[in-house]
Amino acid sequence: MQSDNHNDIIDRSDSVISIRGLYKSFGPLHVLRGVDLDIHKG
């Protein structure tokens with residue numbers, strides 16, 4: 001289930017892995033900023 005509206009309720013109960021607000025940088029290079037990811041079984 002996807003939503004562009006952050007006020008919508010999203011059911012993530014069937015996610016095997018759920019990540020919110022992921023940031024990653026290599027020194028001064030920011031490669032990920034605020035990434036949300038859901039991985040489902042299958």
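General observations
- Checking Ile10 against (1) modelled with pLDDT under 95; (2) surrounded by 10 or more Cβ atoms within 10 Å (Cβ to Cβ); (3) not in a loop (DSSP other than H, G, I, E, B), the condition it does not meet: (3)
- Within region 18-42, being modelled with pLDDT under 95, touching a strand residue (DSSP E or B) at 6+ places or on another chain (Cβ under 7 Å) and loosely packed, with under 10 Cβ neighbours inside 10 Å holds for one residue alone: Lys41.
The values are calculated or read from the model by the stated rules, or taken from the named source; none is laboratory data. Predicted, not measured: the structure shown is a model, and the values here were computed from it. FYI the Cβ positions are ideal-geometry reconstructions off the backbone, even for glycines, and counts take in every protein chain you see.
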